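Right, one structure below, let's go through it.
The values are calculated or read from the model by the stated rules, or taken from the named source; none is laboratory data. Predicted model, so just to flag it, every value in this text is computed and none were measured. Neighbour counts run over all protein chains shown; Cβ positions are idealised from the backbone, glycine included.
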Amino acid sequence: MFLNPLVAISLIFSFTIFFVLIGLYKWLTWTREIDERFEISMQSGNMDGWGVPTAGRRDDLQQRLSKTQYFGGIRHQLLQAGLHVTVYEYLVIRLAIVLLSLAAGWLVAHNPLGGILLAIAGWVVPELYVRNRRNNRRKMFDTQLVDVLNLMVSSLQAGYGLQQALSIIVKEMPDPSASEFGRVIKESQLGYSLDDALNHLVDRVQSDDLALIVTAIRIQNEVGGSLAEVMQSISQTILERIRINGEIQTLTAEQRMSGTVLTALPFILGTVFMLINPEYMMGMFQPGWPILIPITATLMTVVGYLIMRQMLKLDF
């Protein structure tokens with residue numbers, strides 16, 4: 001049994017690009033040195049806003065790319081998700097998944113459209129994974145925040161300074177609190193002020209409760225007063241907010257799950273039918289009015305999902 005020439009050519013092309021990407025990945029492994037330099041560097045002038053050294057990079061083009069909004073946004077997301085991969089490694093992994101999905105979809109469906117649909121899914125899935133991991137990490141951080149505050153209050157009442165209290169949090173608390181506050185301490189040791197390091201923490205975690213804590217610390221540093229009492233009061237406020245938010249999440253869980261399932265179901269079934277019987281599905285993609293069917297269905301599904309998410313979004 002011989003493969004269709006177009007399928008064979010696409011497979012050869014996909015695997016060629018895949019091995020090229022693997023070579024590119026090996027070439028970019030030098031970016032791992034960033035973490036090592038972060039540990040040993042003591043010069044704050046070589047640091048950017050995220051606490052990552054900027055001097056000594058191998059290539060000016062890569063340095064410019066790292067400063068673009070797109071690459072900066074991806075790096076921001078990876079930091080928030082707690083993934084120890086660089087932007088270049090993440091993009092190489094996504095491109096490799098896309099090429100393998102394209103080849104697999106084309107081979108199974110014997111149609112380029114099936115490969116394109118599977119390739120789109122292969123490009124989207126890693127981003128959804130990073131987003132889900134980032135949201136889970138932020139929720140876990142918010143859940144641990146009350147314990148962090150209680151530990152901080154106990155340390156301050158025992159006579160420790162703020163930086164010593166943060167060191168105790170790193171030792172006693174699990175991740176993600178330990179790793180995030182450990183990064184704050186490292187940045188302060190590398191020359192940043194403690195206020196700047198805490199502001200970087202707020203930017204990474206994107207937590208309203210943490211922003212409230214950092215604001216209170218900044219005000220206390222300017223006007224003075226008992227930081228332990230302020231932290232204790234904030235702890236009670238955050239605890240009440242967590243209770244209310246938990247009740248809201250419980251009441252809206254069924255609606256959020258229904259919206260997600262109803263949105264994903266048409267795309268999943270469409271992809272499955274395309275792989276099983278591409279001739280049947282291709283009837284909706286013919287030139288003329290039939291093409292309006294999938295376009296209208298996709299637009300209505302996306303709009304319905306956005307409306308449902310907006311209705312369930314509560315700010316308090």
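For V230, indicate whether it is over 21 Å from R133 (Cβ atoms) and either in contact with a strand residue (DSSP E or B) (Cβ under 6 Å, 6 or more places away or on another chain) or assigned to a helix (DSSP H, G or I) (or both). Yes; evaluated as a whole, the condition is true for this residue. If the condition is being farther than 15 Å from K313 by Cβ and either touching a strand residue (DSSP E or B) at 6+ places or on another chain (Cβ under 9 Å) or at pLDDT below 80 (or both), then region 244-255 contributes only G246.
Counting only residues that are on the phi > 0 side of the Ramachandran plot and under 25 Å from the mean Cα position of the chain (by Cα), region 186-219 holds 1 of them. On inspection, T260 does not qualify as in a helix (DSSP H, G or I), at pLDDT 80 or above, of a type outside the set (A, V, I, L, M) and closer than 19 Å to L151 by Cβ. Quick check on this structure: which one of R204, R218 is crowded, with 16+ Cβ neighbours inside 10 Å and of a type outside the set (A, V, I, L, M)? After applying the criteria, what remains is R204. The combined condition, being closer than 30 Å to L201 by Cα, crowded, with 18+ Cβ neighbours inside 10 Å and either of a type in the set (F, W, Y) or in contact with a Lys or Arg (Cβ under 9 Å, 6 or more places away or on another chain) (or both), is not fulfilled by L156.
Can you find even one residue in region 123-138 that is at pLDDT below 85, out of contact with any Leu (no Cβ under 6 Å at 6 or more places or on another chain) and not hydrophobic (A, V, I, L, M, F, W, C)?
Initially, region 123-138 is screened for residues at pLDDT below 85, giving none.
For region 123-138, residues at pLDDT below 85, out of contact with any Leu (no Cβ under 6 Å at 6 or more places or on another chain) and not hydrophobic (A, V, I, L, M, F, W, C): absent.
L79: under 17 Å from the mean Cα position of the chain (by Cα) and either within 27 Å of G246 (Cβ to Cβ) or of a type in the set (A, V, I, L, M, F, W, C) (or both), yes or no? Lay out the reasoning, then the answer.
Details: under 17 Å from the mean Cα position of the chain (by Cα): yes; either within 27 Å of G246 (Cβ to Cβ) or of a type in the set (A, V, I, L, M, F, W, C) (or both): yes.
Spelling it out, L79 is indeed under 17 Å from the mean Cα position of the chain (by Cα) and either within 27 Å of G246 (Cβ to Cβ) or of a type in the set (A, V, I, L, M, F, W, C) (or both).
A single entry from M308, M300, M284 fulfils the requirement of being assigned to a helix (DSSP H, G or I) and exposed (fewer than 12 other Cβ atoms within 10 Å of the Cβ): M300. I'd like to know if region 240-255 contains one or more residues that are of a type in the set (S, T, N, Q), within 21 Å of L166 (Cβ to Cβ) and part of a helix (DSSP H, G or I). Scanning region 240-255 turns up no residue that is of a type in the set (S, T, N, Q), within 21 Å of L166 (Cβ to Cβ) and part of a helix (DSSP H, G or I).
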